[in-house]
Amino acid sequence: MGIQEQKNDKENRLLDTAFKLFTQKGIKSTSIQEIVDNAQVAKGTFYLYFKDKYEIRDILITKKSEKLFSEALTNMRKNYIKDFSDQIIFIINYVLDELTKNTLLLNFISKNLSWGVYNQTIIKLYDKPETKQDGLYNLFLKGVAENKIKLKDPKVTLFMIIELVSATCFDSILYKNPLPIKEYKPYLYDVIRNMLK
(Lines give C-alpha, C1' and ligand atoms only; values in the text may rest on other atoms or scores of the structure.)
Protein backbone atom coordinates (compact mmCIF):
# COMPACT_ATOMS: atom_id res chain seq x y z
CA MET A 1 0.00 0.00 0.00
CA GLY A 2 1.40 3.38 -1.04
CA ILE A 3 1.62 6.45 1.20
CA GLN A 4 -1.50 8.09 -0.28
CA GLU A 5 -3.46 4.84 0.07
CA GLN A 6 -2.39 4.59 3.72
CA LYS A 7 -3.54 8.18 4.34
CA ASN A 8 -6.88 7.50 2.65
CA ASP A 9 -7.29 4.30 4.65
CA LYS A 10 -6.68 6.11 7.96
CA GLU A 11 -9.02 8.94 7.08
CA ASN A 12 -11.75 6.51 5.99
CA ARG A 13 -11.33 4.47 9.18
CA LEU A 14 -11.70 7.64 11.24
CA LEU A 15 -14.82 8.66 9.31
CA ASP A 16 -16.40 5.18 9.51
CA THR A 17 -15.59 4.82 13.20
CA ALA A 18 -16.86 8.30 14.06
CA PHE A 19 -20.12 7.63 12.22
CA LYS A 20 -20.60 4.34 14.04
CA LEU A 21 -19.91 5.90 17.45
CA PHE A 22 -21.95 9.04 16.76
CA THR A 23 -25.00 6.99 15.75
CA GLN A 24 -24.62 4.58 18.69
CA LYS A 25 -23.70 6.97 21.50
CA GLY A 26 -24.38 10.46 20.20
CA ILE A 27 -21.85 13.14 19.34
CA LYS A 28 -21.64 14.66 22.83
CA SER A 29 -20.98 11.26 24.43
CA THR A 30 -18.26 10.31 21.93
CA SER A 31 -14.70 11.44 22.59
CA ILE A 32 -11.91 11.86 20.07
CA GLN A 33 -9.95 9.29 22.08
CA GLU A 34 -12.71 6.72 21.51
CA ILE A 35 -12.72 7.46 17.80
CA VAL A 36 -8.96 7.00 17.44
CA ASP A 37 -8.89 3.91 19.68
CA ASN A 38 -11.64 2.22 17.66
CA ALA A 39 -10.11 3.31 14.34
CA GLN A 40 -6.71 2.06 15.55
CA VAL A 41 -4.83 5.24 14.72
CA ALA A 42 -2.80 7.63 16.86
CA LYS A 43 -4.57 10.67 18.30
CA GLY A 44 -2.21 12.98 16.39
CA THR A 45 -3.40 11.35 13.16
CA PHE A 46 -6.94 12.53 13.90
CA TYR A 47 -5.73 16.14 13.97
CA LEU A 48 -3.99 15.75 10.61
CA TYR A 49 -7.44 15.34 9.05
CA PHE A 50 -9.92 17.06 11.36
CA LYS A 51 -9.96 20.08 13.66
CA ASP A 52 -12.33 18.47 16.18
CA LYS A 53 -15.20 16.00 16.44
CA TYR A 54 -17.67 18.62 15.20
CA GLU A 55 -15.78 19.03 11.95
CA ILE A 56 -15.80 15.27 11.38
CA ARG A 57 -19.56 15.32 12.14
CA ASP A 58 -20.11 18.08 9.55
CA ILE A 59 -18.10 16.17 6.95
CA LEU A 60 -20.06 13.00 7.66
CA ILE A 61 -23.44 14.77 7.42
CA THR A 62 -22.40 16.32 4.11
CA LYS A 63 -21.02 13.07 2.69
CA LYS A 64 -24.01 10.97 3.84
CA SER A 65 -26.59 13.40 2.47
CA GLU A 66 -24.66 13.87 -0.76
CA LYS A 67 -24.53 10.06 -1.12
CA LEU A 68 -28.31 9.84 -0.71
CA PHE A 69 -28.86 12.36 -3.51
CA SER A 70 -26.27 10.65 -5.71
CA GLU A 71 -27.95 7.24 -5.27
CA ALA A 72 -31.34 8.82 -5.96
CA LEU A 73 -30.03 10.34 -9.21
CA THR A 74 -28.51 7.01 -10.27
CA ASN A 75 -31.82 5.25 -9.67
CA MET A 76 -33.77 7.98 -11.43
CA ARG A 77 -31.59 7.58 -14.52
CA LYS A 78 -32.43 3.87 -14.63
CA ASN A 79 -36.05 4.89 -15.20
CA TYR A 80 -37.20 7.01 -18.08
CA ILE A 81 -38.75 10.05 -16.44
CA LYS A 82 -39.28 12.86 -18.89
CA ASP A 83 -41.24 15.36 -16.78
CA PHE A 84 -38.96 17.61 -14.73
CA SER A 85 -41.29 17.79 -11.71
CA ASP A 86 -41.57 13.99 -11.75
CA GLN A 87 -37.76 13.75 -11.74
CA ILE A 88 -37.50 15.96 -8.65
CA ILE A 89 -40.32 14.06 -6.90
CA PHE A 90 -38.62 10.74 -7.73
CA ILE A 91 -35.36 11.96 -6.16
CA ILE A 92 -37.09 13.31 -3.05
CA ASN A 93 -39.16 10.13 -2.70
CA TYR A 94 -36.05 7.95 -2.99
CA VAL A 95 -34.24 9.96 -0.30
CA LEU A 96 -37.27 9.83 2.01
CA ASP A 97 -37.67 6.07 1.54
CA GLU A 98 -33.99 5.55 2.40
CA LEU A 99 -34.24 7.74 5.49
CA THR A 100 -37.43 5.94 6.55
CA LYS A 101 -35.58 2.62 6.32
CA ASN A 102 -32.55 3.98 8.18
CA THR A 103 -33.69 6.09 11.12
CA LEU A 104 -30.16 6.06 12.59
CA LEU A 105 -29.00 7.93 9.49
CA LEU A 106 -32.03 10.22 9.66
CA ASN A 107 -31.28 11.08 13.29
CA PHE A 108 -27.64 11.70 12.45
CA ILE A 109 -28.33 13.95 9.47
CA SER A 110 -31.15 15.47 11.49
CA LYS A 111 -32.51 18.44 9.57
CA ASN A 112 -29.30 19.12 7.62
CA LEU A 113 -30.10 17.28 4.39
CA SER A 114 -29.29 20.35 2.29
CA TRP A 115 -25.62 20.09 3.29
CA GLY A 116 -25.24 17.35 0.68
CA VAL A 117 -25.95 19.95 -2.01
CA TYR A 118 -25.02 23.27 -0.41
CA ASN A 119 -22.14 22.77 2.04
CA GLN A 120 -19.66 24.10 -0.53
CA THR A 121 -16.65 24.21 1.78
CA ILE A 122 -16.85 20.50 2.50
CA ILE A 123 -17.98 19.52 -1.00
CA LYS A 124 -14.93 21.29 -2.48
CA LEU A 125 -12.63 19.42 -0.11
CA TYR A 126 -14.17 15.98 -0.37
CA ASP A 127 -16.15 15.80 -3.61
CA LYS A 128 -14.83 14.17 -6.74
CA PRO A 129 -14.83 16.71 -9.59
CA GLU A 130 -16.45 14.28 -12.02
CA THR A 131 -19.60 14.00 -9.87
CA LYS A 132 -20.29 17.75 -9.77
CA GLN A 133 -21.67 17.93 -13.31
CA ASP A 134 -24.10 15.08 -12.72
CA GLY A 135 -25.35 16.19 -9.30
CA LEU A 136 -28.79 17.32 -8.21
CA TYR A 137 -27.77 20.99 -8.24
CA ASN A 138 -26.88 20.95 -11.96
CA LEU A 139 -29.81 18.70 -12.87
CA PHE A 140 -32.13 21.20 -11.20
CA LEU A 141 -30.62 24.28 -12.88
CA LYS A 142 -30.63 22.54 -16.27
CA GLY A 143 -34.23 21.36 -15.81
CA VAL A 144 -35.44 24.84 -14.87
CA ALA A 145 -33.76 26.34 -17.95
CA GLU A 146 -34.91 23.62 -20.39
CA ASN A 147 -38.50 23.76 -19.15
CA LYS A 148 -38.53 27.56 -19.09
CA ILE A 149 -39.72 27.61 -15.49
CA LYS A 150 -39.84 31.19 -14.29
CA LEU A 151 -38.13 31.18 -10.92
CA LYS A 152 -36.67 34.31 -9.39
CA ASP A 153 -33.63 32.32 -8.27
CA PRO A 154 -33.48 28.57 -9.07
CA LYS A 155 -30.66 28.01 -6.55
CA VAL A 156 -32.78 29.43 -3.75
CA THR A 157 -35.81 27.39 -4.87
CA LEU A 158 -33.81 24.15 -4.77
CA PHE A 159 -32.50 25.07 -1.33
CA MET A 160 -36.05 25.75 -0.14
CA ILE A 161 -37.29 22.42 -1.51
CA ILE A 162 -34.54 20.46 0.23
CA GLU A 163 -34.98 22.38 3.48
CA LEU A 164 -38.76 21.84 3.34
CA VAL A 165 -38.24 18.11 2.84
CA SER A 166 -35.55 17.90 5.51
CA ALA A 167 -37.38 19.82 8.23
CA THR A 168 -40.89 18.47 7.77
CA CYS A 169 -40.07 14.86 6.98
CA PHE A 170 -37.81 14.42 9.99
CA ASP A 171 -40.83 14.85 12.26
CA SER A 172 -43.13 12.94 9.94
CA ILE A 173 -40.85 9.88 9.78
CA LEU A 174 -39.82 9.79 13.43
CA TYR A 175 -42.91 11.10 15.21
CA LYS A 176 -45.70 10.80 12.61
CA ASN A 177 -46.19 14.53 13.00
CA PRO A 178 -48.27 16.06 11.42
CA LEU A 179 -48.96 12.74 9.65
CA PRO A 180 -47.12 9.46 9.04
CA ILE A 181 -44.75 9.88 6.10
CA LYS A 182 -46.88 7.90 3.60
CA GLU A 183 -49.84 10.15 4.27
CA TYR A 184 -47.70 13.28 4.36
CA LYS A 185 -45.92 12.72 1.02
CA PRO A 186 -48.85 13.75 -1.25
CA TYR A 187 -49.10 17.13 0.51
CA LEU A 188 -45.35 17.65 0.25
CA TYR A 189 -45.25 16.67 -3.42
CA ASP A 190 -48.14 19.02 -4.26
CA VAL A 191 -46.21 21.92 -2.71
CA ILE A 192 -43.03 20.99 -4.61
CA ARG A 193 -44.93 20.71 -7.91
CA ASN A 194 -46.47 24.13 -7.30
CA MET A 195 -43.02 25.59 -6.69
CA LEU A 196 -41.92 24.27 -10.09
CA LYS A 197 -44.79 25.63 -12.21
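The values are calculated or read from the model by the stated rules, or taken from the named source; none is laboratory data. Please read all numbers here as calculations on a predicted model, not as lab measurements. Glycine also receives a Cβ, built like all others from the backbone with ideal geometry; neighbour counts cover every protein chain displayed. Note: areas computed on protein heavy atoms with side chains; ligands, DNA, RNA excluded. Shrake-Rupley method; radii C 1.70, N 1.55, O 1.52, S 1.80 Å.
For the pair TYR49 and LEU179, label points projected 7 Å from Cα toward Cβ lie 4.3 nm apart. Summing charges over all other residues whose Cβ lies under 15 Å from the Cβ of PHE90, with Lys and Arg as +1 and Asp and Glu as -1, gives 0. Computed from Cα positions, the angle between helix 3-25 and the longest principal axis of the chain comes to roughly 70 degrees.
Placing MET76, MET1 in order of accessible area, with the largest value first and a 1.4 Å probe, yields MET1, MET76. When the Cα convex hull of the chain is projected onto planes of every orientation, the mean area is 12.5 nm². Label-to-label distance for LYS111 and ASP153 is 2.1 nm, based on points extended 7 Å past Cα in the beta-carbon direction. For the range 136-148, the Karplus equation 6.51 cos²θ - 1.76 cosθ + 1.60, evaluated at θ = phi - 60°, returns couplings of 4, 3, 6, 4, 5, 4, 5, x, 4, 5, 5, 8, 6 Hz by residue, with Gly and Pro reported as x. Centroid-to-centroid, using Cα positions, the range 41-58 and the range 181-197 are 40 Å apart.
Please find the FRET efficiency linking ILE32 to ARG193, where r is the Cβ-Cβ separation and R0 is fixed at 45 Å, and quote it to the nearest 0.05. Given R0 = 45 Å and the Cβ-Cβ separation, E is 0.50. Shape analysis of the range 152-197 yields a ratio of the Cα radius of gyration to the Kirkwood radius, Rg/Rh, of 1.03.
Take the Cβ atoms of ASN79 and LYS101, set R0 to 25 Å, and the FRET efficiency comes out at 0.80.
Spin-label model, GLU146/LYS20: points 7 Å from Cα along the beta carbon direction are separated by 4.2 nm.
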